[in-house]
Amino acid sequence: MPQDVPEVNDVKRWFIPAAILAVAAAIWFFQSQLDRSQTATPPAPQGGAPAAGGQFVPDPGPAPESHNAAAGLHWTVPSGWTVGEQRSMRVGTYLSPALGGDPEGGECAVFYFGPSQGGDVESNIQRWIGQFEPGATSSRSSRKVADLEVSLVEIKGTYLAPSGPMMESTGSKKGYLLLGAIAQGPQGNVFFKFTGPEKSVNAARKDFEGMISSIHGD
């Protein structure tokens, strides 16, 4: 055998200890990384902040707008009305008292869907008219309130009382009145829809008109 070729025993003497050392080093490195991941406080994700114990308190996001403010507009709810519970897709819900003999009072729902959202004035007025049975009467007008254009509609007839995501009728209600107003604010349209038995809504007409007259910008 040539002199410069190491014997098998010589190879074993240096290869096996080197392999053991390499494995031990890999185990140490892995364990150190695991320990660091368990003890270090992770960076706060966007929209959150670290709290005691490395737990995260999620950012709840911007506070919801008041029930009487949206799209850079504010208005005053009539003092004789009550504020209803918060409902999906509504800025606010206001309830006016029932006049004697009416099964219920009026409900004013206010909607805001965001800038350039919710459709234009005409399509929404037509949608409100379509929420009554054929034969309902309607009238329209417009006015300026605090330099804002406000479109008004009044509809009388048998109301189909749409509700739910698909806005399906919950039953026909005769002798109903809808007073609608669409305020064209700087950040989009705000929709005011006041419905109820005709007598009760007519009794609260001045309150509704006063609320619309109170609309103003920031």
Self-check item: Residue list for segment 82-107, filter: within 14 Å of Thr195 (Cβ to Cβ) and among the hydrophobic types (A, V, I, L, M, F, W, C)
Solution: Leu95, Ala98
Practice problem: Would you check which residues across segment 173-201 are farther than 12 Å from Val153 by Cβ and without any contact (Cβ under 8 Å) to a residue 40 or more places away in the chain and list them? | Solution: Lys173, Lys174, Gly175
Quiz prompt | Residues that are out of contact with any Gly (no Cβ under 6 Å at 6 or more places or on another chain), assigned to a strand (DSSP E or B) and either of a type in the set (S, T, N, Q) or in contact (Cβ under 8 Å) with a residue 40 or more places away in the chain (or both), drawn from segment 127-151 | solution = Thr137, Ser138, Ser139, Ser141, Ser142, Val145, Leu148, Val150, Ser151
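What residue, of Gly105, Gly101, is assigned by TED's automatic domain parsing to the domain that holds Phe192 and either at pLDDT below 95 or within 18 Å of Thr76 (Cβ to Cβ) (or both)?
Only one candidate passes the filter, namely Gly101.
Just checking, how many residues over segment 107-126 are at negative phi and outside any strand (DSSP E or B)? Even if it seems obvious, please write down each step before you answer.
Here is the first cut: in segment 107-126, the ones at negative phi are 107-113, 115, 117, 120-126.
Now restrict to residues that are outside any strand (DSSP E or B): 112-113, 115, 117, 120-126.
Total satisfying the criteria: 11.
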Quiz item: Would a scan of segment 162-170 turn up a residue that is crowded, with 16+ Cβ neighbours inside 10 Å and either among the β-branched types (Val, Ile, Thr) or free of Cβ contacts under 8 Å to residues at least 24 places away in the same chain (or both)?
Solution: no
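Answer yes or no: is there a residue in segment 154-161 that is in the same structural domain as Met89 (by TED's automatic domain parsing) and within 26 Å of the chain's Cα centre (by Cα). Break it down stepwise before answering.
Step one: filter segment 154-161 for residues in the same structural domain as Met89 (by TED's automatic domain parsing), giving 154-161.
Going one step further and asking which of them are within 26 Å of the chain's Cα centre (by Cα), we end up with 160-161.
Yes, there is a match, as at least one residue in segment 154-161 is in the same structural domain as Met89 (by TED's automatic domain parsing) and within 26 Å of the chain's Cα centre (by Cα).
Scanning for something among the charged types (D, E, K, R) and free of Cβ contacts under 8 Å to residues at least 40 places away in the same chain, does segment 99-106 turn up at least one residue? Break it down into steps so the answer makes sense when it comes.
Start the filter on segment 99-106 by keeping residues that are among the charged types (D, E, K, R), which leaves 102, 104.
Next, only the ones that are free of Cβ contacts under 8 Å to residues at least 40 places away in the same chain stay: none.
Looking for residues that are among the charged types (D, E, K, R) and free of Cβ contacts under 8 Å to residues at least 40 places away in the same chain, one finds none in segment 99-106, hence no.
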Self-check item: Considering residues of segment 152-163 that are assigned to a strand (DSSP E or B) and aliphatic (A, V, I, L, M) only, the residue nearest to Ala71 (Cα to Cα)
Solution: Leu152
Quiz item: Glu104: among the acidic types (Asp, Glu), assigned to a loop (DSSP other than H, G, I, E, B) and either under 22 Å from Gly171 (Cα atoms) or in contact with a Cys (Cβ under 6 Å, 6 or more places away or on another chain) (or both), yes or no?
Solution: yes
Self-check item: Output for segment 93-126, where each listed residue is of a type in the set (Ser, Thr, Tyr) and within 21 Å of the chain's Cα centre (by Cα)
Solution: Thr93, Tyr94, Tyr112, Ser116
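The values are calculated or read from the model by the stated rules, or taken from the named source; none is laboratory data. Since the model is a prediction, treat every value here as computed from it, not as a measurement. All Cβ positions, glycine included, derive from the backbone under ideal geometry; neighbour counts span all protein chains shown.
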